[in-house]
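Colleague: Starting off with a structure, shown below.
The values are calculated or read from the model by the stated rules, or taken from the named source; none is laboratory data. Just so it is clear, the model here is predicted, and its values are computed rather than measured. For neighbour counting, all protein chains shown are included, and Cβ atoms are generated from backbone atoms with ideal geometry for every residue, glycine included.
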Amino acid sequence: MKKTLQLLLSLIIPILGCVTNPEIPLEENPFISFHRIETRDGRTLEFALVLPEVLKEDQSYPVLLAFPSGEQTRLLVEAGLEMYWVEASIRRNWIVASPVAPDNSSFYSGAETMIPDLMNWIEARYLVEGGKFHMAGASAGGISSFRIAVEYPDRCMSIMPMPGYPIEGDFNLLERLVDIPVAMFVGYFDADFMTEMDRTYERLDSLGVQVTYNVRPTDSHVISSVSSDGWFNVLDDFRLEQ
């Protein structure tokens, strides 16, 4: 089965009025803050925000929507930021937003309809590079990345599931990603996810989607062999290709 490592070898190592109330900061931190917004359907969305050390009002910034794993709780948002994103994002001038799923929901089973309001909130406050958002996440976060991308392809700059795959309904919509680059990661010992990601890779490749697929030889479900800078190497390569 064809697998390409192109792009990944360096890893060795609109409607602004839709948000109806202002943000409510929940924590004070130089780089990470939690906020709440009310979405169009009357629900409240909580999310973490990571900003560059120096933020210039007249400068555009790449923005990553980082979807958490598991039940996508606030605790898992914090864990994901710590493990994957914060260390490099501040130095490399990225904005990262990581949403918390409402109770009894996830960002691939109902809560995905809240994400456009989060995008609008960000666009109302910061200049988003290219006017689109990068999507990434591990496990449930990777599944969510595919869901958001196929639902809102016109607002998606790239997708990086690490690991993750489209659930059945989304698999049938992958043709919507033809203009969106995808980088997929899975651990060699993560058999269940690898089976689905093999299938996804073959489908994306057959559709002509720009897709890369990296099987990490020492990892299981949690990919720990890639550093925070390594993930942002891939994201920055996406930017160069736009």
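Colleague: Within region 181-230, which residues are among the aliphatic types (A, V, I, L, M), loosely packed, with under 15 Cβ neighbours inside 10 Å and within 19 Å of Ala140 (Cα to Cα)?
Modeller: Ala191, Val222 - these are the residues of region 181-230 that are among the aliphatic types (A, V, I, L, M), loosely packed, with under 15 Cβ neighbours inside 10 Å and within 19 Å of Ala140 (Cα to Cα).
Colleague: Next question. In region 102-142, which residues are of a type in the set (D, E, K, R) and either over 25 Å from Phe171 (Cβ atoms) or in a helix (DSSP H, G or I) (or both)?
Modeller: Answer for region 102-142, where residues must be of a type in the set (D, E, K, R) and either over 25 Å from Phe171 (Cβ atoms) or in a helix (DSSP H, G or I) (or both): Asp103, Glu112, Asp117, Glu123, Arg125, Glu129.
Colleague: Mind checking which residues of region 51-67 are at pLDDT below 90 and under 21 Å from Glu78 (Cα atoms)?
Modeller: Once the filter is applied, which keeps residues that are at pLDDT below 90 and under 21 Å from Glu78 (Cα atoms), region 51-67 yields only Glu53.
Colleague: Step by step: first the residues of region 75-95, then only those that are among the β-branched types (Val, Ile, Thr) and in a helix (DSSP H, G or I), then the one that is farthest from Phe34 (Cα to Cα). Which residue is that?
Modeller: Ile90
Colleague: Restricting to region 42-74, name every residue that is in a strand (DSSP E or B) and either surrounded by fewer than 20 Cβ atoms within 10 Å (Cβ to Cβ) or of a type in the set (Asp, Glu) (or both).
Modeller: Thr44, Glu46, Ser60, Tyr61
Colleague: I'm trying to understand the selection: among the residues of region 206-234, which are touching a strand residue (DSSP E or B) at 6+ places or on another chain (Cβ under 6 Å) and part of a helix (DSSP H, G or I)?
Modeller: Within region 206-234, just Val234 meets the criteria.
Colleague: Can I ask one more? Among all residue pairs at least 6 apart or on different chains, which show Cβ distances below 7 Å where the first residue, located in region 124-153, is closer than 23 Å to Leu55 by Cα and the second is in a helix (DSSP H, G or I) and of a type outside the set (A, V, I, L, M, F, W, C)?
Modeller: Sorted first by the residue in region 124-153, then by its partner, the pairs are Lys132/Arg155; Phe133/Arg155; Met135/Ser145; Ala136/Ser145.
Colleague: Exactly one of (1) among the hydrophobic types (A, V, I, L, M, F, W, C); (2) crowded, with 20+ Cβ neighbours inside 10 Å; (3) at pLDDT 95 or above is unmet by Leu8. Its number?
Modeller: (3)
Colleague: If you go through region 169-177 one residue at a time, do you hit one that is in contact with a Phe, Trp or Tyr (Cβ under 7 Å, 6 or more places away or on another chain) and closer than 26 Å to Met83 by Cα?
Modeller: no
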